[in-house]
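No value in this document is a laboratory result; all are computed from the given coordinates. From a predicted model like this one, the values you see are computed outputs, not experimental measurements. Positions of Cβ are backbone-derived with ideal geometry, glycine not excepted, and every protein chain shown enters the neighbour counts.
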Amino acid sequence: MAGVVMTVEGVERILMGFSRLSKGVQRKYLGAAVRAVVKDAVPQVKALTPRGPTGNLRRSVGLKLEKKKRNTTVTGIVGYRSSNGGNRNELGFHAWWVENGTRDRYPQGNALSVPLRLAAKYPYMKGQASLVGGPDGGAIFFKSVRGYTGSDKFRQWSDANLPRMKQELVGKLEQNLGAAIAEEERRMIRKIHGGR
């Protein structure tokens, strides 16, 4: 998943409070805090993502929470999901090119070939190259592919929104620490009283 990494400074006191709790309680409440803050970013990132001819890039925008087993780190990732052989929500492999752009390309030797069945999905390819038919349906051939300037929208969005999200995360962690301590106490009382 291509996304942006956000680390939060100044939460050592809060995390120290979490570290005194059982790992299960820590993961539950840390994960809830991260999800609560990061989930609102998904529609924002979708809104700045171009629809494109297939809609794959916009559909790939999502949130992923990673909870580490060895320690109690929880990571929230918002970005473009991509997976080899993935489902229709995991076809955002081209996010980097849209964001950063590409240079002009000149294939060495043979021209760049795109099968006609694929090229038909992209109307902008029509009239850009020569068409050669064949038993497999034919292909469009390009002698060169023009590069383009990236949109830079994701970076601009993250620069504008990460400071606010960091502050929201600190507040949510502080709020969740009290709930986590209360749950830990309830669990201990149940243990003492034999699971009642």
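Quick look at the numbers
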{"read-out": "Built amide H within the under 5 Å cut-off of residue 101, gap 5+", "value": "150, 151"}
{"read-out": "Nitroxide proxy distance, nm - points 7 Å out along Cα→Cβ at residue 104 and residue 144", "value": "0.3 nm"}
{"read-out": "Distance in nm between pseudo-label sites at residue 190 and residue 117 (7 Å out along the Cβ direction from Cα)", "value": "5.5 nm"}
{"read-out": "Ratio of the Cα radius of gyration of region 57-109 to 2.2 N^0.38 Å, where N counts its residues", "value": "1.57"}
{"read-out": "Highest-first arrangement of 63-70, 76-83, 32-39, where packing means the average Cβ count within 10 Å", "value": "76-83, 32-39, 63-70"}
{"read-out": "Residues residue 47 and residue 88, FRET efficiency given R0 of 22 Å [Cβ-Cβ distance, rounded to 0.05]", "value": "0.65"}
{"read-out": "Estimated distance in nm for a label pair at residue 64 and residue 155, the labels positioned 7 Å out from Cα along Cα-to-Cβ", "value": "2.2 nm"}
{"read-out": "Pairs beyond 18 Å (Cα-Cα), from 69/172; 46/166; 39/67; 68/191", "value": "69/172; 46/166; 68/191"}
{"read-out": "Alpha-carbon centroid distance for the pair region 62-109 / region 25-55, whole angstrom", "value": "14 Å"}
{"read-out": "Net lengthening on full extension, residue 73/residue 19 (0.36 nm per residue, minus Cα-Cα)", "value": "18.4 nm"}
